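The values are calculated or read from the model by the stated rules, or taken from the named source; none is laboratory data. No experiment lies behind these values; they were computed from the predicted model shown. Backbone-built Cβ (ideal geometry, glycine too); neighbour counts: all protein chains shown.
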């Protein structure tokens, strides 16, 4: 009797849980959206979605060209719904791997778009997010038959010469929540329509704080522990490739200085033949100076903006809870970068 | 002989003892075997001219040569019998005139009738009432010992149980020569009167289990034992599960290994297999070859079998759940291929999978029921031609075909067909649950399956004993992995073995 009661209760619980399940759908009728671009134009959201090149089936069916859908509405929800409604197939957002945010949208505030990824059942926080120095729609539609997705994947993973500076929606939202701002890699299109890395932008909840381009972007990469694969061009036709970066944070209480220490492992890829040990050491000092300048420039800019997008203040408070004083440690401290460059042991 | 049922026909099956109530006599025996074309009797005089005797036997059960050489020849030619009468003649016959390994004087009708059925002949002396000599002269027409077709051997013994229980006990006795091997015979089946032997190793097997098995076989009151199920379903505790609770094997070596582990064996006349119990889940993943291979290879194969059990059980349900409810969990490239391949298919994924599972069962059944040569053709026609044509015609998607085929092939790795059948049944259930609730439904089904398995028990031993502490006794050695034999020093505690150590 008791066992039967438990069984009935279990069945009841099961039935209740069953009610909250997602509804079943057929994949054969789906268009799997891979890349989503969101712009802000004339007071409206413009959502552009692309499936990317659709694969051959198991029996060598014809691969289909990307399906590109676009809609413009006053609200994001309406724009997304309009995109879904504009297709002959059932649009499925569960495979969105790339989210592109247009410049105007970033300046106006991208938080509603990012938060949509939390609330929406199909959208996942693992999607890569990029800022586009221009229109996201143009970036989504670039790439011809293949679509933009393969190029974005290469940029995110750091393949083929790219340094791999990708950030996920989840990471950006976490930074926005914990640090009040977040860095997001930026891309721009060249004249052929190909997407290239273009530094990064600092997003805040209510808009874009600013852009970090060139040397400052390089410094940002190092500060985040990235940059492996980047090539540093040196005088005399020499080049060194960064093979590993490690960063740490120290605190000098007397001078109230936050020191970001960066250890860079390098490999001399060009012009290294016949170099004496002293010359190699001199090259290291040269690189250290160069990178310290980059890092220093980035830290100065962040300090001026009071944008602790790397969470340095938070990290320091966690490490030295009684010595750093207050929440404003990032704003009230001097920021300095220290670089130690080493050659990676060969062989 | 009217067609109306007698009042007794409506009664609960009453057991008659003794079966034949007539007083023993030649006339009564002839009456018992009236309308039996194989019943034969011959009269002759002892020593050619002495007292009249009648010998009765059943054609086909008694061997003609033995009857002639060991019974009729001495009866007719032994001069000592010529002058003997009554008691003296009987004494001479019992004491060695007849060339038989045993001669038994019977006074009841039942044993005489049973003796005739068992291949003996019955000898009646004229004038002697209620006494007959029963002399065994059975024929040995039976299938010779062959190879175990269902459990082929690559490295090991190649003999298999036959239909004769005595042949089977001899096969076991040759492997376990210890006098501690005990064999008790029960008779089951009211009409079949089938000898059923219970075998165990005294000092190793649990005596309580032996008693329970014996009691259950003796309590069986059925018409006849014609199939293995007749033994299995009456001996086990529960029949509301598709999972086999009693393990069977065609191989004497595996049977003996079971006895050495402390299990109790059942050999039934007419069945070319032996049963081992209590049955625990690990028994159905083991093969007779596990101890023949190197322990690393055997462990790897054992892991493969457990993995295949999971695959055969879950793959169709998992496919339905992922494709229908959780497509985001499928790797992108695979998802794109599935979408592309499924675009022209008119049926839903659930329908496709269930139809393919049913088709798979139909093909398998058709292949089994036909002669092996035609069966192979059916398999090729069904599997390749029809399957390929169905995919070409976009009736099913290739991904479904692959998923169902993988599940089906994985199921074939199960050494036990009974266990494989249970997995197939649950595969359907899990597929249906997955179609109702995706991964949640599949998960709920798996919990239900575990709950069901955890509730099974045979002879006080939990079905999941090797993986649980339900038996509250130490497991002998790892179940999935086979250790080197030198390390396997303990019998499984769950079996309540009297002596757990199996080697120094």
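Tabulated data for the structure shown
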item	result
Some residue of segment A:234-247 being within 22 Å of residue A:329 (Cβ to Cβ) and assigned by TED's automatic domain parsing to the domain that holds residue A:312	yes
Considering residues of segment B:323-351 that are within 7 Å of chain A (Cβ to nearest Cβ) and within 19 Å of residue A:21 (Cβ to Cβ) only, the residue nearest to the chain's Cα centre (by Cα)	B:349
Residue in segment B:256-269 that is over 25 Å from residue B:496 (Cα atoms), away from every other protein chain (no Cβ under 14 Å) and either in contact with a strand residue (DSSP E or B) (Cβ under 8 Å, 6 or more places away or on another chain) or buried (at least 21 other Cβ atoms within 10 Å of the Cβ) (or both) present	yes
Filter result for residue B:319 (within 14 Å of chain A (Cβ to nearest Cβ), touching a helix residue (DSSP H, G or I) at 6+ places or on another chain (Cβ under 7 Å) and modelled with pLDDT of 90 or more)	yes
Test: residue in segment A:275-285 that is modelled with pLDDT under 90, part of a loop (DSSP other than H, G, I, E, B) and on the phi > 0 side of the Ramachandran plot	no
Residue match in segment B:386-395 (condition: within 34 Å of the chain's Cα centre (by Cα), assigned to a helix (DSSP H, G or I) and over 27 Å from residue A:94 (Cβ atoms))	no
Test result for residue A:95, more than 24 Å from residue A:165 (Cβ to Cβ), at pLDDT 85 or above and crowded, with 22+ Cβ neighbours inside 10 Å	no
Single match in B:307, B:313, B:276 (criterion: in a helix (DSSP H, G or I), away from every other protein chain (no Cβ under 14 Å), within 40 Å of the chain's Cα centre (by Cα) and surrounded by 21 or more Cβ atoms within 10 Å (Cβ to Cβ))	B:313
Any hit, segment B:48-59, residues being loosely packed, with under 14 Cβ neighbours inside 10 Å and under 33 Å from the mean Cα position of the chain (by Cα)	yes
Residue B:455 more than 14 Å from chain A (Cβ to nearest Cβ), within 27 Å of the chain's Cα centre (by Cα) and modelled with pLDDT under 95	no
Residue that is modelled with the lowest pLDDT [pool: residues in segment A:46-56 that are buried (at least 22 other Cβ atoms within 10 Å of the Cβ) and within 13 Å of chain B (Cβ to nearest Cβ)]	A:54
Qualifying residue in segment A:128-147 (condition: within 14 Å of chain B (Cβ to nearest Cβ) and farther than 28 Å from residue A:230 by Cα)	no
Residue match in segment B:352-360 (condition: within 13 Å of chain A (Cβ to nearest Cβ) and assigned to a helix (DSSP H, G or I))	yes
Residue under evaluation residue B:406, criteria (1) touching a helix residue (DSSP H, G or I) at 6+ places or on another chain (Cβ under 7 Å); (2) free of Cβ contacts under 8 Å to residues at least 24 places away in the same chain; (3) surrounded by fewer than 20 Cβ atoms within 10 Å (Cβ to Cβ); (4) farther than 30 Å from residue B:232 by Cβ, criterion not met	(2)
Strands (runs of 3 or more DSSP E) within segment A:142-254 that include 3 or more residues in contact with a strand residue (DSSP E or B) (Cβ under 8 Å, 6 or more places away or on another chain) and within 26 Å of residue A:51 (Cα to Cα)	A:181-189, A:195-204
Scan of segment A:190-218 for residues that are closer than 22 Å to residue A:259 by Cβ and under 16 Å from the mean Cα position of the chain (by Cα), ordered by number	A:202, A:212, A:217, A:218
All positions within segment B:370-385 that are part of a helix (DSSP H, G or I) and either in contact (Cβ under 8 Å) with a residue 24 or more places away in the chain or out of contact with any helix residue (DSSP H, G or I) (no Cβ under 8 Å at 6 or more places or on another chain) (or both)	B:372, B:373, B:374, B:377, B:380, B:381, B:384, B:385
Residue pairs meeting the criteria (Cβ under 8 Å; at least 6 apart or on separate chains; first within 8 Å of chain B (Cβ to nearest Cβ), in segment A:2-30; second loosely packed, with under 11 Cβ neighbours inside 10 Å and modelled with pLDDT under 80)	A:22/A:121
Given (1) surrounded by fewer than 21 Cβ atoms within 10 Å (Cβ to Cβ); (2) touching a residue at least 60 places away in the same chain (Cβ under 8 Å), index of the condition residue B:301 fails	(2)
